[in-house]
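*Asks:* Let me give you the structure first, and then I'll get to my questions.
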Amino acid sequence: MRRAPLILVAAALVLAACGEPAVGTVVGKSYDDPDRVMHMQRTCSGSGTSKVCSSYPVFSTDPAHYELKIRLDSDHDKTKTVRVDPGTYERTTVGSHYAEDAS
């Protein structure tokens, strides 16, 4: 039972670290094209023996993703990947310093 408090403290530290803004050196950039996704939607009407069902395609778009991989100033052995807007992605070069907005 002594381990339970230690596990809770460790979990709290991990969760707290997740919310810290990324501040460090840009070590990589990645771009993921937008994807068009299709899935089938099924609808039914009526009931009993007069129930009729049909399926039709529904399309959605997964938008483009722009990401920067940051080597953290607080721990040079760790990196954090952050999603950024297209303008920030274009302006930021590998090797430059990046500070994620805390808001």
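*Asks:* Could you state the orientation-averaged shadow area of the convex hull built on the Cα atoms of region 22-99, in nm² to one decimal?
*Replies:* Numbers: hull surface 32.4 nm².
Average of the hull's projected areas for region 22-99 equals 8.1 nm².
*Asks:* May I have the count of lysine pairs in region 22-99 with C-alpha atoms under 12 Å apart, counting pairs 8 or more residues apart or located on different chains?
*Replies:* 4
No lab work stands behind these numbers, since they all come straight from the coordinates. Because the structure is predicted, anything quoted here is derived from the model rather than measured.
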